[in-house]
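Here's the structure we're looking at; comments come further down.
The values are calculated or read from the model by the stated rules, or taken from the named source; none is laboratory data. Model, not experiment: these values are computed from the prediction. All Cβ positions, glycine included, derive from the backbone under ideal geometry; neighbour counts span all protein chains shown.
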Amino acid sequence: LKSIPDITKSWFGWREFLGLQRDLLSTYEAWQHGWGDAVQLRFLGQRHIVLYAPQAVGEVLKHADFVRYPRMMRVLRQVMGDSVSSAEGAHWQERRRLLAPAFRVQHVQSYAQSVERIVEEAFGDPEINLRVVPAMTELTLRVICGAVLDLQPGNDISWVGVALQSLGKAAMVELFLPAPLPDWLPIPFVRRKRRAIRQIQDFVADLTQRGGRHFLARLEGLSPLQVRDETLNLILAGHETTAAGLSWALYLLATHPQVAQRVAVEGLGYCERVVKETLRLYPPAPALFLRQAQQELRVDNYEIPRGSIVHLPAWAVHRDSRYFEDPLKFNPDRFAPEAVKQRPEFSYFPFGGGPRICLGQSFALLEMSVILTVLLRKYHIETLDVGASPLCQVRFSLWPGWPLELKLRRRENLVQGLDEQLQRL
Ligand code: HEM
């Protein structure tokens, strides 16, 4: 049996835990550099264990007796009620079975055609000054609503992205507080959060009443409230991570023009490698990998006491030089099929793994690849104003922490469109 060093030094673990709240990514990395592949700390009597070895990551994600961190479920449930993302046990199984067919290969391919149309419509001007984060948020909202859920969200939806992001920020604060904040507390933080939740719920209730027959037919048998929450969940899970991933991809493509040129020439196949490499360096959902042990369990020869919260830090594992040579380098060819086979399973897990693996994984990969390929075939990325080392901000999803702006200028010789490649999928 391997032992897990206890790194709690401060009073009741406050300092160590606040480190996570303040800077999740660097704190995980620093602990690994200091202590190795497993560390534990005790915060107000609650044991937290961070596991970095791919073997351990895989075992935890696949094990039925590790459930999702209850505090996180509470935070998610405030927004999206009882949906596939926040349910456990038989209830989760039933919802997952209801939704999974919508993400089968043949459907995903048909969504891709609509994604192409939506991007073409959104990007027509010869020259665009792109504020990347809001633009990608609005684009992915339109894609999840229009291409997948068959809903028509109207012209002005930029406020939805802003409201959802403020909820993400609030969720991150609550996730790492010592105790949950009751809803009746008369403080601005709680009031703002409640207002944003109400606005989003009304927006989605209105959308589902006006359209979406095609997709909503899958949810037959659920009450109107359940339909609203399940739809809200898909809108939330289906746009924010993708928007964050796309923002990082555009940043990386702007700083690596030779890679951008290859995407324009080679198309979807190569672009998928670019997307995967982006999700390695900037995994969009780094706070989702928290689990609680329902009983005493053994994982990769570590003993995990009952009730412990286990953290699986994708960010640190993805940047471990044992699995990724020269890990900070952006190199999409790491995801050529022969290269992938050389690495241990679960050295890369932006979508999780095991039974709760992201339901939209194959759609997300195709969606992002289509969006980037369409953009890069049409436009050169011209200017970019960024500092030397990019700033990360975890607001539930992992976002660029500065106002990333790009200039897109239409190519003189447009590279041929995607139709043919989409037909061949
Ligand atoms: C780059 C884009 C995306 C990333 C990085 C991502 C990542 C994740 C992760 C890490 C999880 C949780 C896995 C776990 O707890 O072990 C998850 C769950 C989920 N994702 Fe995604 N996701 C993305 C896009 C999407 C899209 C486009 C959709 C839907 C259209 C979607 C729908 C879901 C759903 C429904 C769940 C809950 C599954 C369950 O609990 O059974 N995601 N995703």
Of all helices (runs of 4 or more DSSP H) completely enclosed by the range 2-87, which ones contain at least 3 residues that are touching a His at 6+ places or on another chain (Cβ under 9 Å)?
14-22
Number of the exception - HIS91 against (1) more than 20 Å from the chain's Cα centre (by Cα); (2) in contact (Cβ under 8 Å) with a residue 12 or more places away in the chain
(2)
Which numbered condition trips up GLN361, out of (1) farther than 28 Å from ASN233 by Cα; (2) under 14 Å from the mean Cα position of the chain (by Cα); (3) not hydrophobic (A, V, I, L, M, F, W, C)?
(1)
How many of the residues in the range 96-111 are assigned to a helix (DSSP H, G or I) and either closer than 23 Å to LEU175 by Cβ or away from the ligand (no atom under 12 Å from the Cβ) (or both)?
5
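Does the range 367-388 include one or more residues that are near the ligand (Cβ under 10 Å from one of its atoms) and closer than 30 Å to GLN106 by Cβ? Reasoning before the result, please.
We begin by selecting, within the range 367-388, every residue near the ligand (Cβ under 10 Å from one of its atoms); these are 367-368.
Filter once more, so that each one left must be closer than 30 Å to GLN106 by Cβ: 367-368.
Yes, the range 367-388 has at least one match.
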Residues of the range 178-192 satisfying the condition of being in a helix (DSSP H, G or I) and over 17 Å from MET80 (Cα atoms)
PRO188, PHE189, ARG191
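Quickly run through the range 136-183 and pick out the residues that are at positive phi and touching a residue at least 12 places away in the same chain (Cβ under 8 Å).
Kept after step one, since they are at positive phi, are these residues of the range 136-183: 150, 154.
ASP150, the sole residue that qualifies.
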Complete set of residues in the range 3-25 that are small (Gly, Ala, Ser) and more than 21 Å from PRO178 (Cα to Cα):
SER3
For residues in the range 172-189 being under 26 Å from the mean Cα position of the chain (by Cα) and closer than 25 Å to THR231 by Cβ, which is surrounded by the most Cβ atoms within 10 Å (Cβ to Cβ)?
LEU175
Selected residue [within 15 Å of the ligand (Cβ to nearest atom) and surrounded by 13 or more Cβ atoms within 10 Å (Cβ to Cβ)] from PHE324, PHE330, PHE346
PHE346
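Only one of PHE349, PHE330 is closer than 30 Å to ILE197 by Cβ, out of contact with any Phe, Trp or Tyr (no Cβ under 6 Å at 6 or more places or on another chain), in contact (Cβ under 8 Å) with a residue 12 or more places away in the chain and assigned to a loop (DSSP other than H, G, I, E, B); which? Even if it seems obvious, please write down each step before you answer.
On the way: PHE330 fails: closer than 30 Å to ILE197 by Cβ.
Every option except PHE349 fails the conditions.
Every residue, every condition in (1) more than 15 Å from the ligand (Cβ to nearest atom); (2) touching a Leu at 6+ places or on another chain (Cβ under 7 Å), yes or no:
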position: MET73; (1), (2): no, no
position: HIS91; (1), (2): no, no
position: GLY124; (1), (2): yes, no
position: LEU149; (1), (2): no, yes
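Within the range 46-58, does at least one residue satisfy the condition of being within 13 Å of the ligand (Cβ to nearest atom) and under 20 Å from the mean Cα position of the chain (by Cα)? Show your work before the answer.
Going through the range 46-58, the residues within 13 Å of the ligand (Cβ to nearest atom) turn out to be 57-58.
Now narrow it down to the ones that are under 20 Å from the mean Cα position of the chain (by Cα): 57-58.
Checked against the condition, which is being within 13 Å of the ligand (Cβ to nearest atom) and under 20 Å from the mean Cα position of the chain (by Cα), the range 46-58 yields at least one hit.
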Do we find a residue being within 12 Å of the ligand (Cβ to nearest atom), of a type in the set (Lys, Arg) and either in contact (Cβ under 8 Å) with a residue 24 or more places away in the chain or closer than 28 Å to VAL50 by Cα (or both) anywhere in the range 274-289?
yes
With GLN32, GLN46 as the choices, which residue is in contact (Cβ under 8 Å) with a residue 40 or more places away in the chain and buried (at least 18 other Cβ atoms within 10 Å of the Cβ)?
GLN32
Within the range 277-292, is there a residue that is at pLDDT below 95, in a loop (DSSP other than H, G, I, E, B), hydrophobic (A, V, I, L, M, F, W, C) and touching a His at 6+ places or on another chain (Cβ under 9 Å)?
yes
Subset of the range 249-297 (residues that are within 20 Å of ARG42 (Cβ to Cβ) and surrounded by fewer than 21 Cβ atoms within 10 Å (Cβ to Cβ)):
LEU290, GLN292, GLN294, GLN295, GLU296, LEU297
Could you grab the pairs with beta carbons closer than 8 Å, sequence gap of 6+ or different chains, first residue in the range 291-304 and closer than 18 Å to MET73 by Cβ, second one among the acidic types (Asp, Glu)?
ALA293/ASP65; GLN294/ASP65
Mind counting the residues in the range 193-244 that are assigned to a helix (DSSP H, G or I) and more than 26 Å from MET136 (Cβ to Cβ)?
11
Of the numbered conditions (1) closer than 19 Å to CYS358 by Cα; (2) away from the ligand (no atom under 16 Å from the Cβ); (3) among the small types (Gly, Ala, Ser), ALA264 fails exactly one; give the number of that condition.
(1)
